[in-house]
Every structure is written in C-alpha cells, then in structure tokens.
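Q: Below are the structure tokens for one structure; questions will follow.
Bear in mind these aren't lab numbers, they're just calculated from the coordinates by the rules spelled out. It should be emphasised that the depicted structure is a prediction, and the values quoted were computed from it without experimental measurement. Cβ atoms come from the backbone with ideal geometry, glycine included; neighbour counts cover every protein chain shown.
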Amino acid sequence: MRSRHALRGVLLTLAASLAIAAAQRAPDAELQLLRPELLALTCPERTWSQPPTEAQRLAAARRDAFRALLPEYLARLPAEPDAVLAMPVDGVRVAQVADTWGAPRGGGRRHEGQDVFAPRGTPIRSATHGIVFEVSDRFTGGRGVMVLGAGGVRYFYTHFDAYAEGLREGMAVTPDTILGYVGTDGNAGGTPPHLHFGAYAFDPESCRHRAFDPLPLMVDRTHLASD
C-alpha cells in the first residue's frame, strides 16, 4: 500500500511538473538574438542533500521550468550589466530611500534589497531595459515581477497592489514601462505601502543569481531626463 501511495505521489509530481513547464513563456519571438551562443548554455542538474518533500519537488519543478528557458532570455540581452538603475517608483527620489541592505529579517534572514515607500497605487516602473521573466504571487512578498536585464542581472519587484494591465512574461520593457503599483502584498502586511526592489547578478557557471545592493546604482528619474 505504501509503495502504491509513493508511486501515486511521483506521478502527481510529474504531472504537475509538466503542467508547470508548459505554462512558462519564452521571450517574444521578435526580440533580436544578440548572443546566440548562449542558446547552448546548460545549467547543472539540481542535487538534493536529503529526499525532498512533495512541496519542495513542486517548487523545484517550477524553478527548473524557468531555468530551462533562461538561455532563450540571456541570448536576447546585452552582455554588460547596467551601470545605472532608474528609481523604480514614481515621484520618489533616491535620497528618500533609507538604506536597509543587509538588515536583519525574520527567520535569520538578511534584507536582500531596498524598500521604497510611496502611497498605495503609485506606479512602479522597470529600472532598466530588459525582458519580463516571471510574473507571479509565489514569492514571500506576494505579487511580484522578475525582469532580466543586461548581463543576465535579475531585478525583483514585489509587494504589488496590482499588476499593470497587459503585463506578461516574455515581453520587452524599458525604464518607461509600468510593471505594477505599490502595495502591501505578501509579508508586507501591517507595514506602510512600499516596493521591495532587489538585484541579483548572474553566475553562468552555476546558473544562479546572487544578490547585490542596487542602491549605489540608483539615480533619480529627473537625472535621466536631463542627460
């Protein structure tokens, strides 16, 4: 009986994995290939230190579905990461951001990003040119968007009150593109409305992204307009 249940669990996981993979979107077909050699990029297979739970298997299947599409995205992005990031929240100046990079968080975590406070519903724009990689509410921060920018850097925006109309995975964005609106979704409940903005550098050897502080690269949008 136990083996039958185990087999049923494996089959359910496989079915869910296939459904997850089928739901992921490749970048829009009209986006130009800038580095076609990256289409051959292969990511190392996932290893487990101990047998995963069903929930861990499903979460891994979702991440793996995105990793399988990663070369398609990277091949359509410039090689050099952006040296300047536009303030992602309308009407906020960089000087108004309290630097909370590395601040302690619950569960022994450290804050991997910067919080930008603004009234609920304030537009959130992409800080860079890039391609929308994921639109999801699976994050601890609730509704969120991942944008891949030049150099494969992943920019993470979360706690949205709502997504922008027409936003979808695979579409190109510019610093003028509205991604969504400031809110308190996910673990931001009980705090003033804000955007959590994170940045993660890409390591092609491991296919992993590692957090870095985006604040030193951020500039006011008025500064961009004057250049």
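Q: Using all C-alpha to C-alpha distances in region 91-167, build P(r) with 5 Å bins and read off the rounded percent in each one.
A: Reading the bins upward from 0: 3, 13, 20, 25, 23, 12, 3, 0.
Q: Follow-up question, since we're still on this one. Going by how many other Cβ atoms sit within 10 Å of their own, how do 167, 33 line up, fewest first?
A: Details: 167 17, 33 12.
Lowest count first: 33, 167.
Q: I would also like to ask the following. Label region 106-227 by shape, choosing from rounded, prolate and oblate, from the square roots a ≥ b ≥ c of the eigenvalues of the Cα gyration tensor; if a/c is under 1.5 it is rounded, and otherwise prolate applies when a/b is larger than b/c, oblate when it is not. Before the final figure, lay out each step's value.
A: Values: a/c = 1.29, a/b = 1.06, b/c = 1.22.
Rounded.
Q: Cα axis of helix 54-74 to longest principal axis of the chain: angle in degrees, 0 to 90, nearest 10?
A: That helix lies at roughly 60 degrees to the long axis.
Q: Something else about it: Find how much the distance from residue 35 to residue 54 grows on full extension, using 0.36 nm per residue of separation minus their present alpha carbon separation; answer in nm with one decimal.
A: Details: separation 19, 0.36 × 19 = 6.84 nm, distance 3.71 nm.
Fully extending the segment from residue 35 to residue 54 adds 3.1 nm.
Q: Given the convex hull of the Cα atoms of region 167-227, what is a quarter of its surface area in nm²? Walk me through the intermediate numbers first.
A: On the way: hull surface 26.5 nm².
Seen from a random direction, the Cα hull of region 167-227 projects 6.6 nm² on average.
Q: To the nearest 10 degrees, how steep is helix 2-23 against the longest Cα principal axis of the chain, on a 0 to 90 scale?
A: It works out to around 40 degrees.
Q: Can you give the FRET efficiency for residue 84 and residue 136, using 1/(1 + (r/R0)^6), R0 = 22 Å, r = Cβ-Cβ distance, to the nearest 0.05? Mind dumping the intermediate values first?
A: On the way: r = 27 Å, r/R0 = 1.23.
The pair residue 84/residue 136 has a calculated efficiency of 0.20.
Q: Here is a further query. Give the Rg (one decimal place) followed by the Dmax (whole number) of region 50-119, computed from C-alpha coordinates and expressed in Å.
A: Calculated on Cα positions, Rg and Dmax stand at 17.9, 48 Å.
Q: Rounded to the nearest 500, what is the 222 nm mean residue ellipticity of the chain from helices alone, with -39500 (n - 2.57) per DSSP H run of 4+ residues and division by all residues?
A: Value at 222 nm, helices only, nearest 500: -7000 deg cm²/dmol.
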